[in-house]
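All remarks here apply to the structure that follows.
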Amino acid sequence: MDPQNSDQSPPPLITRHKFSTASFRQREQFDAWCNFTATMCDLRSVAPPQSGFLASNESFHLGSMLLTNFELSPMEFTFTKDIIRKSSFDHWCISAVTKGVVAAEGDSSGFKAWAGGTVLHSYALPFSGLMDITDYSGIFLSRDEFGDIADDLDRASHQQVTGPMSEIV
């Protein structure tokens, strides 16, 4: 087979997905975002539906990791034991806040991170929180790939990451 005359192009090395509520009517934006994130957490808007809910996500699948960028309107979020049971989403997320403030707490820890802060969540443990108009980027790490340090990552979850490694992230 001559590669220069092939009709088939190679598959993309990185799969990219985008979603935005901008194309929905203001009254429908929050519900659209809730449908998009249904397996990740329960959400509550802090503004009435008629004022709209602008939110977007762009994600890149990098093998066993997922890189995401979020732009979000103010909201409350809850990741419950019930969602954990129903979801196949069993990851950690290291997030870098680039705009706004995010506050969250788990059973034994919590944080409040401003732009420039880095935080760690475990999606195997319940947590809840609140954010204002916030942008952040996150790296989701599969629990299957990091089983040897799972206990350490769970103990560090729902906390702000500090020190030299937070600057690298």
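Results, tabulated for the structure shown:
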| read-out | value |
| --- | --- |
| Test: SER142 is on the phi < 0 side of the Ramachandran plot, at pLDDT 90 or above and surrounded by 13 or more Cβ atoms within 10 Å (Cβ to Cβ) | no |
| Residues of the stretch 47-70 classified as modelled with pLDDT of 90 or more and open to solvent by 70 Å² or more (accessible area, probe 1.4 Å), total | 2 |
| Selected residue (criterion: farthest from GLU58 (Cα to Cα)) from residues of the stretch 8-46 that are open to solvent by 80 Å² or more (accessible area, probe 1.4 Å) and at pLDDT below 90 | GLN8 |
| Residues within the stretch 155-168 that are at pLDDT below 75 and either among the charged types (D, E, K, R) or surrounded by 14 or more Cβ atoms within 10 Å (Cβ to Cβ) (or both), tallied | 2 |
| Among the candidates TRP114, TRP92, residue that is open to solvent by 60 Å² or more (accessible area, probe 1.4 Å) and not polar (S, T, N, Q) | TRP114 |
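The values are calculated or read from the model by the stated rules, or taken from the named source; none is laboratory data. As the structure is a prediction and not an experimental result, all values here were calculated from the model. Cβ coordinates were reconstructed from backbone atoms using ideal geometry, including for glycine residues, and neighbour counts include every protein chain displayed. Note: areas computed on protein heavy atoms with side chains; ligands, DNA, RNA excluded. Shrake-Rupley method; radii C 1.70, N 1.55, O 1.52, S 1.80 Å.
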